[in-house]
Every structure is written in structure tokens, then in C-alpha cells.
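I have placed the structure first, in the form of C-alpha cells, so that the comments after it can refer back to it.
Throughout, read-outs are computed from the coordinates displayed, never taken from laboratory work. Computed from a predicted structure; not experimentally measured. Cβ coordinates were reconstructed from backbone atoms using ideal geometry, including for glycine residues, and neighbour counts include every protein chain displayed.
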Amino acid sequence: MSSKQVPVKQIPGSYGLPFLGAISDRHDFFYKQGRDKFFATRIQQHNSTVLRTNMPPGPLISSDPRVIALLDAVSFPTLLDNDKVEKLNVLDGTFMPSTNFTGGYRVCAYLDTREQNHTLLKRFFLQMLADRKDAFVPLFRNCLQEAFIEIQDQLSRKSGKADFNGVFTDASFNFIFRLLCDNKHPSLTNLASQGPKLVNKWLVFQLAPLATLGLPRIFNYIEDFLIRTLPFPAWLAKSSYKKLYDAFETSATTFLDAAENAGLDRTEACHNLVFLAGFNAYGGLKNQFPVVIKHVGLCGEKLHGDLVSEIRRVVSDEGGITVSSLEKMSLLKSVVYEVMRIEPAVPYQYARTREDLVVRSHDASFEVKKGEMLFGYQTFATKDPRVFEDAEVFVPGRFIGEGEKLLKHVFWSNGPETEDPSPTNKQCPGKNLVVLLCRLFLVELFLRYDTFEIEVAPSAFGPAITIKSLTKASTI
Ligand code: HEM
């Protein structure tokens, strides 16, 4: 695929007129075309999967919205080469929310790999997760138990419908809080049951410029003007953030003591902890479970039956659910990877070139100058038809057997699925944990139920899922 000689070409595409070009592109992106069509039409127009365009939010929030978009499986990994690209303040793209949202600190996810603090913090996070690995399975199963009871309650109370997102938002928050705070349930802290609401409020003021509510057309210009002209000031989320900070400061004693022992400042470590728990972990998971149930739900009863057989057989043979018994469930593992391939929960990645370099696509190579902003729409990289057969189709068994070789093209964690996060890269330190949680979620689901039905609707971030029915397990 990448060994053949390809011609050097100019990067096609234009940024349009200053200011107006960026506004026009963002209207195409959010309102006129939508994100997939936005990129697909430009690929077609320029006959290239590497091209120039503006990315939202644009004026006045980002001072320079111009990017080089990498839209195939060959060029996308340039974004992951930390020797060639810098990841300084680019977590959210061409703008960065005020550090007042995080106590005045630039937290780990905004730091470049060449900043010493990144190495220190990332090493500490990886160690902190490794120290808690024995808690992952029992703690999450406990949270899942609460969640399924609530779903069943809602199904019997609310005219046969259950709000999956609401229930799993709470489950995600409870899990991550308990994992990081010595198993203390957030309801026993100053947060009571308000944790997810407080995080949502804090997140929305940071991320609103990247979203659309999907309102009827006549509201588009108003929405665009209101959320993309000036950044929301951090004081709007100040009281919510303070409550979250206080809860972690009083409950995460082991974490914060260990941070101090590792040479980190306790206050800075606590702001990093709130960001890791609220933005990285909870923000990712609250979208991840709806995406998993959406695809497994849409596949229907045949896949449900196959998963039921595999899961119940292995659990019975192995005498329970452990990390190693999950490893024996090859269909389950493949299904989770396929979800991450077809709909990565965090689809946009950004990085600035450290030096002049050459970016390759399947058919051409392109010279990029030092300091230019690269942008990857991961959904197109992991649905590249020249790497994945039937790339647009959800193929449950895609990654079984020989198919495992394709895992190097799955990038949901900001790195290939075959590589691991480290202090010297920007790959998600929660990578293995997230995969484990998705597997556990499906295992619990199919131990309890034979099949289920859902309704899917779009929402500002990710799909909104309503459970319409659950069929209780007919075998054990
Ligand atoms: C479904 C859930 C998750 C998804 C989709 C996800 C995805 C990602 C992605 C794409 C990045 C890189 C962002 C970038 O630099 O462009 C990232 C970074 C990060 N994630 Fe996750 N993540 C998830 C869950 C978690 C969890 C559970 C944790 C911790 C317990 C975590 C902690 C972090 C941290 C600290 C970073 C910054 C890494 C660095 O600066 O080197 N994430 N995550």
C-alpha cells in the first residue's frame, strides 16, 4: 500500500476570502452539508484525500482556522508521529478554551510531548491506572448492575421506554469517580447525584463552539452567531467546577498523595485529576456506550444470538468474568473494535508540524511547511475503502483471526490499536481500560438479556438512544 512511488503534488483546496471563507466553510460543515458530506464533497471536488480547508469554529474564536485535512488511512497517521508534529494546545482544534476552566493550569491533554510536565503527568496517570487495574472488573460490574436495574425500572414505569444515555452517563461518572477516589460513591460527597450535571455544564461552555443542536433551519444563523462568535467565559462554569474540584480534593486522597510523592504539585494534580475524570474519561465514555449499543442494536437478533452463545459459553467454561475470560471471546472483541472503527467517539485530531515535511496519501505526496496545522477526520481514515473491505458496513467479525492484522489501522485512542500509550506519545492512557469497559458492558448485557430493541436519534454530541424492549435471558 505505501511502498509504491507516488507523484509530489500541490495540496489542493482553498481557504477562500479572509473571514468570509471560514464562515462559509463552517456553515457548510454544521448546517448545509454536515460533517461527512463536507469532507466527501471536497475530496471529490479536488480528487484528493489531502486538502486545504477551514475548520470550525473560525472567527472570532480561533485566530487561524486554516488546516490541511488528512482524510485517508495513509496520511492520517502523520498526526500520531510526535517527532514530526507538535500537540501544543490543540486538543480542541484551532482554539483553546481559557485555562480559567482548569484553575489557571494547562492540563496534560493540552501539553506537547516535549514539555517536561507532559512526561511527568502522563507517567503518573499510567502508573495510577496500573495500580487500580484489579478494581476495573468488579467496580464496573457493580455500576452496570445499578444501571440495568434503572433501565428495567424505567421500562416498566415510563410507558415502555428507557433513556439509555441518561442512565449510562450516571454509570460512567460513578465508575470513574469511585475508581479515582478510593471507591467512594459520589452520592456520599458534596456532589450528591449532581456530578454528571456539573461536569456537563463545565464541558458545554468549553466545547459549545464545536457543536450544533440540530435545530430547524431558521435558527441556524442565530445558533452560529451565539456560540461561535466569542468564547464562553469560564466564570459561567465557576461554581460547578468548584464543587467538582472540592469533591475530588477531599475524596481522592490516595491519588493526590501519590501525585505529591511523584513530584507533582498537589493543587495542579487535582486540577489535572478533575480534567482527566471529567473531560477525558467521563466525556469520552458518556458517548462511547451509546455508540456501542447503537451499532450492536442496529445489527439485530442474529448478532445478539451469536454474542449470547459465545459469552455464556465462555463464562460457563471459565467459571466467571475475568480479564482473561474476556480475551477468549473473539466475536465480542471484534465487535468492540468494529464499533471503534466505524464511529470513533473522538473523531477530530489536530497537530502542528514541527518542521517542513512530506505527507503521503495513497496516490500522492505533499510538501507541508513547518508550523502548518494538520487535521484528521478519523472517521474517514478508519473507513478508508482501500484498507477496509465494505468500509461503510458494520462487519461484526471483521477483526477475528487474520482480520486482527487490520487493528493497526484503528486509531480511536489517538494511536494504532496495536500500540500502547506512553509518556512520550499522546495516545489515550485509558485505551485498554476503555476497551475492557466496552467488552464488560456487552457481556453483562447479553448475560442478562437475549435481545433488545432501540430507537436512535442524533444529538449535539453522539447518538441519543432509547431502549424500547429487553428480552430476559432464556438460558444461563
Ligand atoms: C471512550 C472513552 C475515551 C475516548 C474515546 C478517549 C479518546 C482519547 C483521545 C482521542 C485522546 C487524544 C486527544 C488528542 O490529543 O487529540 C485522549 C487523550 C487522553 N485521554 Fe482518553 N479517551 C477515553 C477515555 C479515557 C479514560 C477512561 C481516561 C482515563 C482514565 C482517559 C484519559 C486521557 C488523557 C489523560 C489524555 C491525554 C493524553 C496525553 O496528553 O498524552 N481517556 N483520549
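In table form, for the structure just shown:
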{"read-out": "Part-to-part distance (alpha-carbon centres) for segment 307-374 and segment 128-199, which is given in Å", "value": "25 Å"}
{"read-out": "For segment 5-89, Kirkwood radius (reciprocal of mean inverse C-alpha pair distance, Å)", "value": "13.9 Å"}
{"read-out": "Cα radius of gyration and Dmax for segment 145-263 (Å)", "value": "18.2, 56"}
{"read-out": "Taking N as its residue count, the alpha carbon Rg of segment 315-393 over 2.2 N^0.38 Å", "value": "1.62"}
{"read-out": "Residue order, fewest to most beta carbons within 10 Å, for THR379, THR322", "value": "THR322, THR379"}
{"read-out": "Packing-based exposure ordering (other Cβ within 10 Å, fewest first) of ILE465, ILE61", "value": "ILE61, ILE465"}
{"read-out": "Separation between Cα centres of segment 10-75 and segment 421-445, rounded to whole Å", "value": "31 Å"}
{"read-out": "Principal axis dimensions, segment 8-472 - Cα atoms, whole angstrom, descending", "value": "61, 49, 46"}
{"read-out": "Average Cα contact separation per residue, the chain, under 8 Å, 6 or more apart, as relative contact order %", "value": "23 percent"}
{"read-out": "When the convex hull of its Cα atoms is projected in every direction, mean area for segment 283-442 (nm²)", "value": "10.6 nm²"}
{"read-out": "Per-residue Cβ neighbour rank within 10 angstrom, fewest leading, SER193, SER172", "value": "SER193, SER172"}
{"read-out": "The chain - mean residue ellipticity at 222 nm from DSSP helices (-39,500 (n - 2.57) per run, n ≥ 4, rounded to 500)", "value": "-14000 deg cm²/dmol"}
{"read-out": "Cross-link partners of LYS302 among aspartates and glutamates (Cα-Cα below 16 Å; sequence separation of 8 or more within a chain)", "value": "GLU310, ASP450, GLU453"}
{"read-out": "Exceeding the 20 Å Cα-Cα cut-off - candidates LYS201/LYS294; LYS383/LYS468; LYS197/LYS238", "value": "LYS201/LYS294; LYS383/LYS468"}
